Amino acid sequence: MSDTTGVERYIAAANETMARRKADWDEMKKARFDTCAVHGLYTMNEALNSNQGSIIEPIYMSTSQTYRDSDEMEAALSYKIPTWCYSRIANPTLYYFENTMALLETYGADIEATCVGTSSGMAAIHTATDAFLSIDPKNPTAPRNFVATCQVYGGTFQQFNARRKEEQGIDCRWVVDSNNMDEWESKIDENTRFVYGEMPSNPGQAFFDLKKVIEIAHSKGVPVIIDNTVGSPALLRPLTLGADIVIQSVTKTLTSSGLGICGAVIARKNIVSNFGSDMMKADFAMYLKAIPNRDNGQNLSPMNAMMSLTDMRTLRSKVDMFSRSTELVAAFLEDHPKIEEVGYLGLKSHRLHTLAKEYLHLVDSEHDAHYGKKINRYGHLLSFNVAGGTAGARKMFDGMQRIWRATDLGRIKSVATIPAISTHSQQGEAGRQMAAIPGNMIRLCVGGEHPDDVIRDLDQALDSIDGKTSFQVPSEFSYGGASDSTMAKPVD
């Protein structure tokens, strides 16, 4: 430790540690995507100096840390040195998870970013957007608005439309045609706090020209926030294209096991924004961690951070496999006489295929011994509209035997839902019409099964439309002890 005394000696020691970790960051930025996913910033130095040589990041389940003396506590709690004083604010396991997320979302670009983990994807959306929606102390009576695509996950729609607009009076300006740049531009004004998009969208596979939207928003001093949950950094990294903030429901594509709930906000340093303090704009994610999340408590648990970190190590290969299987499934559905329409960006017939082809690539495929060139992949999510209207869709849905009926996506097991009666039910008929989510749409996320078996299940379920439902509810069944409080409307 330095020869300085008091608080200053701890600051000097912390600076040495931060310099070492900055060197680790710079070195890892030279590595390939898979290496970043496997190691993150958990280096041999970290293992030997801090974690008794463990080659896997330890789970720190303790709520807090102790300090050597009052000087170290003062330095820590005044944010002069790194600390995990209390796990509501920070935790070593979260540190490793957050840095891995930042590395993956900035891969391939010489930019710095930081991350804050949250208890869920919805908590991540709330955390990222709330910071921009407070009353401006310089102009407390000024109206507040934000601009967002209407093709978003149902929970996002509710948070924006019900929680923000109806309850708080903050104007949410929906963009209906996200590829109409004039519509984006017309809805941004001097009171717009941020622009928000989800691409590819859940469930309809909406997609837009991100570079053009960023150019429009930044010309007006407005930050761009992108929900990259479906694409993941294995296919798309919005920060490297100029976006300011990325949202991840880490529960989904990034972690296919389905064992825990997790979210993340990843932000490049020095974001574009007309609103907010210098500290907020300089390092947005660290600002969230140090101030709003410290007080609001939207923290991620160490156990969920560790489970997510473990799942993320094989992200690229999983997304490649899921995408290849989904292309085959989509092609089968497109040719089936009982399917009216298939929403999958990988189909050449999709109206947005050419645009998606420009943006969605399997990371490092050109350095892969198997491919040796840059290739497109389009993810694991698709939607399809069943002939016969809502009744036909429900009949087919009920006939699935291998595909799980659940409000989930990104799993190692294939999962399907009917958005109109589940994920987007609270959006209302008008909201669903605006977002192009009809009652006969089924959302399917293809997992790790062999695609032949997924197709076989879809085929027999489609046959069941004209016959008897294959799945029969037992005469006696249990909800597994679910209480009234858990039998609420589905929200995931």
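The values are calculated or read from the model by the stated rules, or taken from the named source; none is laboratory data. Being a predicted model, the structure only gives us computed values, none of them experimental. Quick reminder, even Gly has a Cβ in these numbers, built from the backbone with ideal geometry, and neighbours come from all protein chains shown.
Things to note:
- Within region 435-446, if we keep just the residues that are assigned to a loop (DSSP other than H, G, I, E, B) and touching a residue at least 60 places away in the same chain (Cβ under 8 Å), the residue that is surrounded by the most Cβ atoms within 10 Å (Cβ to Cβ) turns out to be 446.
- Condition met for residue 303 (over 19 Å from residue 246 (Cβ atoms), in a helix (DSSP H, G or I) and either not assigned by TED's automatic domain parsing to the domain that holds residue 416 or not basic (Lys, Arg) (or both)): yes
- Members of region 223-267 found to be surrounded by fewer than 24 Cβ atoms within 10 Å (Cβ to Cβ) and β-branched (Val, Ile, Thr), listed by number: 240, 261
- Residues in region 394-434 that are among the hydrophobic types (A, V, I, L, M, F, W, C), under 24 Å from residue 322 (Cα atoms) and in contact (Cβ under 8 Å) with a residue 24 or more places away in the chain: 396, 397, 400, 403, 409, 412, 415, 416, 418.
- Residue count for region 19-55 under the criterion of being within 26 Å of the chain's Cα centre (by Cα), of a type in the set (A, V, I, L, M) and in a loop (DSSP other than H, G, I, E, B): the result is 2.
- Count of residues meeting criterion [in a helix (DSSP H, G or I) and either under 19 Å from residue 16 (Cβ atoms) or in contact (Cβ under 8 Å) with a residue 12 or more places away in the chain (or both)] in region 56-72: 2
Yes/no per residue for (1) assigned by TED's automatic domain parsing to the domain that holds residue 308; (2) at pLDDT 95 or above; (3) over 23 Å from residue 295 (Cα atoms):
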| site | (1), (2), (3) |
| --- | --- |
| 1 | no, no, yes |
| 4 | no, no, yes |
| 15 | no, no, yes |
| 37 | yes, yes, yes |
| 44 | yes, no, yes |
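- Screening residue 273 against (1) in contact with a Gly (Cβ under 9 Å, 6 or more places away or on another chain); (2) under 30 Å from residue 368 (Cα atoms); (3) of a type in the set (S, T, N, Q); (4) surrounded by fewer than 22 Cβ atoms within 10 Å (Cβ to Cβ) leaves a single unmet condition, (2).
- Of the strands (runs of 3 or more DSSP E) that lie entirely inside region 94-202, those containing 2 or more residues that are buried (at least 24 other Cβ atoms within 10 Å of the Cβ) and at pLDDT 95 or above span 113-118, 145-149, 192-198.
- Matching option when the condition is touching a residue at least 60 places away in the same chain (Cβ under 8 Å), among the basic types (Lys, Arg) and over 26 Å from residue 78 (Cβ atoms), among 237, 294: 237
- Residue check: residue 347 meets all listed conditions (1) touching a residue at least 40 places away in the same chain (Cβ under 8 Å); (2) buried (at least 17 other Cβ atoms within 10 Å of the Cβ) but one, namely (1).
- Residue 471 touching a helix residue (DSSP H, G or I) at 6+ places or on another chain (Cβ under 9 Å), assigned by TED's automatic domain parsing to the domain that holds residue 363 and at pLDDT below 90: yes
- Residue 363 falls short on exactly one of the conditions (1) within 25 Å of residue 257 (Cβ to Cβ); (2) without any contact (Cβ under 8 Å) to a residue 40 or more places away in the chain; (3) aliphatic (A, V, I, L, M); (4) assigned to a loop (DSSP other than H, G, I, E, B), and that condition is (2).
- Residues of region 33-45 satisfying the condition of being crowded, with 20+ Cβ neighbours inside 10 Å and either more than 26 Å from residue 368 (Cβ to Cβ) or among the aromatic types (Phe, Trp, Tyr) (or both): 33, 42
- Number of the exception - residue 275 against (1) more than 19 Å from the chain's Cα centre (by Cα); (2) closer than 28 Å to residue 209 by Cβ; (3) in the same structural domain as residue 396 (by TED's automatic domain parsing); (4) touching a residue at least 24 places away in the same chain (Cβ under 8 Å): (3)
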